[in-house]
Amino acid sequence: MESRAAPSNRKPLPPLFIGQASQTPLGDLWIAVSEAGLAAVAWGRSQAEFEAWLVRRFKRPVEFNPKRTAQAATELREYLAGKRRHFTLVVDWTLLRPFQQAALRATYEIPYGETRTYKQIAERIGKPKAARAVGRAEAANPMPLVIPCHRVIGTDGKLHGYGLGEGIKTKEWLLKLEGALIA
């Protein structure tokens, strides 16, 4: 007698659609969007590395579809060229865990050209002793540039930690692009 696994009642998760913004001042950016909005922005990775990271992080299939990412690509190019100060993209907040979502929503509200400290973000979300946890949430931000984790600095006014591009050098470049005063 042949045995079959019981049919799964779970619907497969919808895919993430990926595309690219090529030849920006930071290099080629990879972009992922869900049906609900922006899911990820990355650079310094191959398409295969980006896809593998998305599958590990979000547990969803990935489809190459530049039409779905065209608006994000345009807005990111404009921002990096100094021609855009505010993104109009919808962010898919559902892809983030509750604490990270709270920290990154507070980060998202930081105006262009301004900075906040990790401590200020922790206070803003009602967790005044969670500055280090805010730092970890920022480090795992899947949508840098749009959720501007580069605008978050140390209480000492100095630049701390940035995991993308050339690290602190990239963070400093982004803040200078925005005209932010940095120590």
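Read-outs: derived from the displayed coordinates by stated rules, not from any lab. Because the structure is predicted, anything quoted here is derived from the model rather than measured. Positions of Cβ are backbone-derived with ideal geometry, glycine not excepted, and every protein chain shown enters the neighbour counts.
Count the lysine pairs in the stretch 1-153 whose Cα atoms sit under 28 Å apart, keeping only pairs 8 or more residues apart in sequence or on different chains.
6
In deg cm²/dmol, rounded to 500, what helix-only [θ] at 222 nm does the chain give when every DSSP H run of at least 4 residues adds -39500 (n - 2.57) and the total is split over its residues? If you can, show how the numbers build up before the last one.
Values: 6 runs with 64 residues, N = 183.
Calculated from helices alone, the mean residue ellipticity at 222 nm is -10500 deg cm²/dmol.
How far, in nm, would the chain grow between Ala81 and Glu63 when pulled straight, counting 0.36 nm per residue and subtracting the alpha carbon separation? Before the final figure, lay out each step's value.
Details: separation 18, 0.36 × 18 = 6.48 nm, distance 2.79 nm.
Difference between extended and current length: 3.7 nm.
Among bridges DSSP assigns within the chain, what percent are antiparallel (round to 5)?
Values: 11 of 17 bridges.
Beta bridges within the chain, antiparallel portion: roughly 65 percent.
Determine the dipole magnitude for the stretch 16-80: charges of +1 sit on the beta-carbon of Lys and Arg, -1 on that of Asp and Glu, nothing else is charged, the reference point is the Cα centre, and the result goes in debye to the nearest 20. Numbers along the way, then the final one.
Values: 8 positive and 7 negative charges, 45 e Å.
I would put it at about 220 debye.
Suppose every K and R has +1 on its Cβ and every D and E has -1 on its Cβ; what is the size of the dipole of the chain about the Cα centre, in Debye to the nearest 20?
500 debye
Once you list every other residue whose beta carbon is under 15 Å from the beta carbon of Thr94, what net charge do they have if Lys and Arg are +1 and Asp and Glu are -1? Walk me through the numbers before you get to the answer.
Numbers: positive: Arg57, Lys59, Arg60, Arg97, Arg105; negative: Glu35, Asp92.
Net local charge, Thr94 excluded: +3.
If I compute percent of Cα pairs over 28 Å apart from the structure I just sent, which labelled value in (i) 26; (ii) 32; (iii) 72 lines up?
(i)
Report the full-extension gain for the segment Gln23 to Phe99: residue separation times 0.36 nm, less the Cα-Cα distance, to one decimal in nm.
Gain on stretching Gln23 to Phe99: 24.0 nm.
Name the residue farthest towards the positive end of the dipole of the stretch 1-147 from the options Val146, Gly82, Trp30, assuming +1 on Cβ of Lys and Arg, -1 on Cβ of Asp and Glu, about the Cα centre.
Val146
Could you compute the net charge surrounding Ala140? Neighbours are other residues with a C-beta less than 11 Å from the C-beta of Ala140; K and R count +1, D and E count -1. Could you put the intermediate results ahead of the total?
Values: positive: Arg57, Arg97, Arg136; negative: Glu138.
Residues close to Ala140 contribute a combined charge of +2.
Under the classification rounded if a/c is under 1.5, otherwise prolate if a/b is larger than b/c and oblate if not, where does the stretch 96-177 fall, given a ≥ b ≥ c as square roots of the Cα gyration tensor eigenvalues? Can you show the working numbers first?
On the way: a/c = 1.61, a/b = 1.39, b/c = 1.15.
Verdict is prolate for the stretch 96-177.
What relative contact order, as a whole-number percentage, does the chain give when Cα pairs under 8 Å and 6 or more residues apart are counted?
On the way: 276 pairs, mean separation 35.3, N = 183.
So the answer I get is 19 percent.
Please state the shape class of the stretch 100-143: rounded when a/c is under 1.5, otherwise prolate if a/b exceeds b/c and oblate if not, all from the C-alpha gyration tensor. Intermediate results must be reported in sequence, preceding the final value.
Numbers: a/c = 1.66, a/b = 1.15, b/c = 1.44.
Note, shape of the stretch 100-143 comes out oblate.
Based on the mean of other beta carbon atoms within 10 Å per residue, what is the order of 134-140, 42-48, most packed first?
Details: 134-140: 20.1, 42-48: 14.3.
Output ranking for 134-140, 42-48: 134-140, 42-48.
Rounded, prolate or oblate: which fits the stretch 16-80, taking a ≥ b ≥ c as square roots of the Cα gyration tensor eigenvalues, rounded meaning a/c under 1.5, else prolate when a/b beats b/c? Walk me through the numbers on the way to the answer.
Details: a/c = 2.09, a/b = 1.36, b/c = 1.54.
Oblate, since a/c reaches 1.5 and b/c is not below a/b.
In nm, what is the difference between 0.36 nm times the number of residues separating Thr88 and Ile168 and their Cα-Cα distance?
This chain segment gains 26.1 nm when fully extended.
Let's see if you can work this out: charge +1 on each Lys and Arg Cβ, -1 on each Asp and Glu Cβ, no other charges. What is the dipole magnitude of the stretch 91-138 about its Cα centre, in debye to the nearest 20? If you can, show how the numbers build up before the last one.
Details: 9 positive and 5 negative charges, 64 e Å.
Charge dipole of the stretch 91-138: 300 debye, to the nearest 20.
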